[in-house]
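J.: What follows is a structure written as structure tokens; I'll ask about it next.
The values are calculated or read from the model by the stated rules, or taken from the named source; none is laboratory data. Note that this is a predicted model, so its numbers are computed, not measured. Note that each Cβ is placed from the backbone with ideal geometry, even for glycine, and that neighbours are counted across all protein chains shown.
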């Protein structure tokens, strides 16, 4: 296709990328502060010796997130501690770098600017991208690091001992940034068995890369725990095992099949099988696509490994645990599709393909706008995990404003006030914003006027015990409300008995 005919599609796709990126930027300001987000930040702040509230969030280091995330956000917190917007901008800048990396990769493999722009536009439609790009979590950084490592490994990295060592360092940093990347390391030796030339490339180099990656990961985790200073190693290991799902008791095949149900709503397994089948069929297409297939095959192996690990051991069906597996699978499919269209000469076929990309991006942009209207980051996470129903969109920024208003109200309570919530971890954002520690609610036979109970919009996920709600309405009085947030105060009465909490 002539370049002048490609200029319009390229411009349209670039505009779509910018439009969707603006929804990511809007999410920085409009989405509520999310529990995992500030859990990681407060752990990092403590590791850097910065003051944090005495909350259970810092009882043990969050070693499932560290590495580059800890270094970047620790540096930001050292400059301006507690500014969540500044921390979120780290994710935004990293997203820009990731998108640039994807475009350059596609441009190199496909050879056409319009197709590279179309592939980049499709890449930003990956499930969960808005949450990863707008929140100060580690997935977007880990994805960028892992993709850089994959590009180097499938290029010059697997051919020499020095290259394998350098690739191992990159993979190790990605794993230290987000522990879920460990599940994708088996892709290195498996890929080398098929793509390597000679026993060194097939055996020595991949095993060396995996060993160095494991060493870098272990060193980063050890450094994080030592910097945390007051947490015993056993507590740190137990917390990491529980958060990653490694030490959780096996729940049985039937219960794990629920992850398959959730996963089908994110990336259908049939789509993954189609990708694998297409890649295998292209292996006989000829030498001119060898470099592209090398990269695609590795991305597919790593993505499938991450997907299977999520199905078998993820502690909750959380979309965060599927990153970086999702973007790796997404990019593999995009590479295969765009490389196939690069050889198409019929204008009508190409224009239809570009139109499909436009429709997909517009649809995803509208879904992002709807997520911004919902506003509550935690509820959006559990929507995708099917932990709750579909949230109702409201005025833009209302949930974030309500959260900040409640945080300010809690900060003005007397020091003697004891605030609890149904789920203490879900209240970590308010602790981060106002410094007020929110404990786990336990029913008591006596309440005082220093006892406060916090109700949050996300309580629909946790609060299914009607006895608790009845006890709350009987023995406490609502003192203020901000949107879906409500605060109750004890009446100072003694109750005959309290409901049992399992």
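J.: Can we say residue 154 is at negative phi, surrounded by fewer than 24 Cβ atoms within 10 Å (Cβ to Cβ), in contact (Cβ under 8 Å) with a residue 60 or more places away in the chain and touching a helix residue (DSSP H, G or I) at 6+ places or on another chain (Cβ under 9 Å)?
T.: So residue 154 passes the test.
J.: Residue 334 passes all but one of (1) surrounded by fewer than 24 Cβ atoms within 10 Å (Cβ to Cβ); (2) touching a residue at least 12 places away in the same chain (Cβ under 8 Å); which number fails?
T.: (1)
J.: On to the next question. Considering each of 444, 405, 486, 401 in turn, give the residue that is outside any helix (DSSP H, G or I) and at pLDDT 90 or above.
T.: 486
J.: Can you tell me which residue among 127, 189 is surrounded by fewer than 24 Cβ atoms within 10 Å (Cβ to Cβ), part of a loop (DSSP other than H, G, I, E, B) and assigned by TED's automatic domain parsing to the domain that holds residue 27?
T.: 127
J.: Between 237, 291, which is at pLDDT below 75, at negative phi and in the same structural domain as residue 222 (by TED's automatic domain parsing)?
T.: 237
J.: Within the group 382, 396, which residue is surrounded by fewer than 18 Cβ atoms within 10 Å (Cβ to Cβ) and at pLDDT below 90?
T.: 396
J.: Something else: Determine which member of the set 149, 176, 166 is surrounded by 23 or more Cβ atoms within 10 Å (Cβ to Cβ) and over 20 Å from residue 297 (Cβ atoms).
T.: Details: 149 fails: over 20 Å from residue 297 (Cβ atoms); 166 fails: surrounded by 23 or more Cβ atoms within 10 Å (Cβ to Cβ).
Going through 149, 176, 166 in turn, just one is surrounded by 23 or more Cβ atoms within 10 Å (Cβ to Cβ) and over 20 Å from residue 297 (Cβ atoms): 176.
J.: Whether any residue in the stretch 330-353 is assigned to a loop (DSSP other than H, G, I, E, B) and either at positive phi or at pLDDT 90 or above (or both) is what I want to check.
T.: No: zero hits.
J.: For the stretch 70-90, give me each residue that is surrounded by 17 or more Cβ atoms within 10 Å (Cβ to Cβ), without any contact (Cβ under 8 Å) to a residue 60 or more places away in the chain and closer than 12 Å to residue 37 by Cα.
T.: Within the stretch 70-90, 87 is the sole residue that qualifies.
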